[in-house]
Amino acid sequence: MNTITLLKLAGLLHLGLIWAGAMMPRKVGLKTHLATLPPFIRRLFWVYYSFIGLMLVSFGALTFVFAGEIAAGSPLARGLCWFLTAFWGLRLIVAAFVFDVRPYLTGTLYRLGYHLTNIAFSLLVVLYAWLALK
């Protein structure tokens, strides 16, 4: 597989992560939990949640559409790769050390999905770091 193909797959992987994130509110009963918060905080959460989703779509679209330019390794492309390496690396650290999702991993499918998302984070870190260093 060549670098451009890997980048296009990474771009699509971002969309898979959007799908996983869209499933989360129902699984954790988010609306019920948020209902106890003041309206401002509730709206603030949804705005942050939406912005994160927008960022994931943007990261995926940029990676997919500009795969050739990123693979070429211009300084801007390498900067983007460093940024995405840091973003996904920090996300992986947060998944491992900040969030305790054990109460929500009630079935095999949920456990599998959780591990697959962490594998996706790891793959993105490795790919973007490799490209940043290349």
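Annotations
- Selection from region 14-31 of residues that are farther than 15 Å from Tyr114 by Cβ, of a type outside the set (Gly, Ala, Ser) and either within 10 Å of the chain's Cα centre (by Cα) or not in a helix (DSSP H, G or I) (or both): His14, Leu15, Ile18
- Some residue of region 50-72 being free of Cβ contacts under 8 Å to residues at least 12 places away in the same chain, of a type outside the set (Gly, Ala, Ser) and more than 29 Å from Lys134 (Cβ to Cβ): yes
- Among the residues of region 53-71, those that are surrounded by 12 or more Cβ atoms within 10 Å (Cβ to Cβ), among the aliphatic types (A, V, I, L, M) and over 11 Å from Leu12 (Cα atoms) comprise Met55, Ala67, Ile70, Ala71.
- Tallying residues that are farther than 14 Å from His14 by Cα, in contact with a helix residue (DSSP H, G or I) (Cβ under 7 Å, 6 or more places away or on another chain) and either modelled with pLDDT under 95 or of a type in the set (Ser, Thr, Tyr) (or both) within region 93-130 yields 6.
- Of all residue pairs spaced 6 or more apart or on separate chains, those with beta-carbon atoms under 8 Å, a first member in region 107-134 that is touching a residue at least 12 places away in the same chain (Cβ under 8 Å) and a second member that is not in a helix (DSSP H, G or I) are Tyr114/Val101; Tyr114/Leu105; Leu131/Gly73; Lys134/Gly73.
The values are calculated or read from the model by the stated rules, or taken from the named source; none is laboratory data. All of these numbers come straight from a predicted model, not from anything done at the bench. In this analysis, Cβ positions are derived from the backbone assuming ideal geometry, glycine residues included, and neighbour counts consider all displayed protein chains.
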